[in-house]
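The values are calculated or read from the model by the stated rules, or taken from the named source; none is laboratory data. Treat the numbers as computed from the prediction; the structure is a model and nothing was measured. Because the Cβ atoms are built from the backbone with ideal geometry, glycine has one as well, and the counts that use them run over all protein chains shown. When the accessible area is computed, the model is the full protein with side chains, heavy atoms only, and any ligands, DNA or RNA have been set aside. Shrake-Rupley method; radii C 1.70, N 1.55, O 1.52, S 1.80 Å.
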Amino acid sequence: MKNWIKTSIAAAIIATGAIGSTAVLAWGGHCDGPRGGKAGWSQMAPEQMKAKMAARAELHMARLELALALAPEQKPAFERFKADMKSRAERMGSMMAERRAAEPPKTAIERMQRMEEMSKLRQAEMGEARKSVETFYATLSDAQKTVFDAEFEKMGRKGERGMKGGGPRDGGSMGPGRG
C-alpha cells in the first residue's frame with residue numbers, strides 16, 4: 001500500500017477517535033472503559049471511595065516514612081506534613097462525594113462550567129499541598145530530599161493523578177520506561 005494511503009487511513013482513525021473523545025466529554029464523560037472487572041472511582045460508593053483513598057494515603061505515608069529514615073527531631077515535622085496530606089485527602093474525598101450526589105449538569109456548557117469550577121478547587125488544593133511539602137522538605141537532608149523526590153513521584157503512578165507531574169509538557173521527565 002502506498003504511504004499516502006496509509007497516512008490518510010491513520011489520520012482518519014485519529015480524527016474519529018478525537019471526535020469520539022470530545023463527544024464523550026460533552027456527553028458527560030460517562031465512559032466506564034475496560035478495568036478488568038474492577039470498579040473505577042466513579043462506580044464506588046462514597047464511603048468505599050473515602051476508605052480506599054484513606055488506605056492508599058496511609059500506605060504511601062508509611063512507605064515514605066520508612067524510606068526517609070527520619071531522625072527523631074524530624075518526626076514532628078513529618079507528623080504535621082502527614083496530617084496536612086490526610087486532611088487534604090479527606091477534603092478531596094468529600095468534594096468528590098458531594099459532586100457525585102449533586103444533580104448532574106444537563107448541557108455541555110453546564111458540564112464545562114462544572115469542570116472549570118473543579119479545576120479551580122484542585123488548583124487551590126495543590127497550592128496548599130505545595131506549601132505543606134515545602135515546609136517539610138526544608139527539614140530534610142540532601143540525601144533525604146533525593147529519596148523524598150523519588151518516593152513522591154511514585155505516589156502518582158498506576159493511572160493515579162495527584163502529586164506526580166505528567167511529563168515533558170509540565171517540566172517533568174518521562175524517565176526510563178515511562179513513555
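From the list Ala77, Ala54, Ala69, exactly one residue is within 19 Å of the chain's Cα centre (by Cα) and open to solvent by less than 80 Å² (accessible area, probe 1.4 Å). Which is it?
Ala54
Residue-by-condition table, conditions (1) at pLDDT 80 or above; (2) in a helix (DSSP H, G or I):
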site	(1), (2)
Gly29	no, no
Gly33	no, no
Ser42	no, yes
Met61	yes, yes
Leu66	yes, yes
Ser94	yes, yes
Ile109	yes, yes
Met118	yes, yes
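Could you look through the stretch 97-136, keep only residues that are β-branched (Val, Ile, Thr) and touching a residue at least 24 places away in the same chain (Cβ under 8 Å), and pick out the one that is surrounded by the fewest Cβ atoms within 10 Å (Cβ to Cβ)?
The qualifying residue surrounded by the fewest Cβ atoms within 10 Å (Cβ to Cβ) is Thr135.
Would it be correct to say that Arg88 is part of a helix (DSSP H, G or I), closer than 25 Å to Lys50 by Cα, open to solvent by 90 Å² or more (accessible area, probe 1.4 Å) and touching a residue at least 12 places away in the same chain (Cβ under 8 Å)? I'd like the intermediate steps shown before the answer.
Working: part of a helix (DSSP H, G or I): yes; closer than 25 Å to Lys50 by Cα: yes; open to solvent by 90 Å² or more (accessible area, probe 1.4 Å): no; touching a residue at least 12 places away in the same chain (Cβ under 8 Å): yes.
No: the conditions fail for Arg88.
Based on this model, can you work out whether Lys86 counts as of a type in the set (Lys, Arg) and modelled with pLDDT of 90 or more? Give the derivation first.
Working: of a type in the set (Lys, Arg): yes; modelled with pLDDT of 90 or more: no.
For Lys86, the condition - of a type in the set (Lys, Arg) and modelled with pLDDT of 90 or more - is not met.
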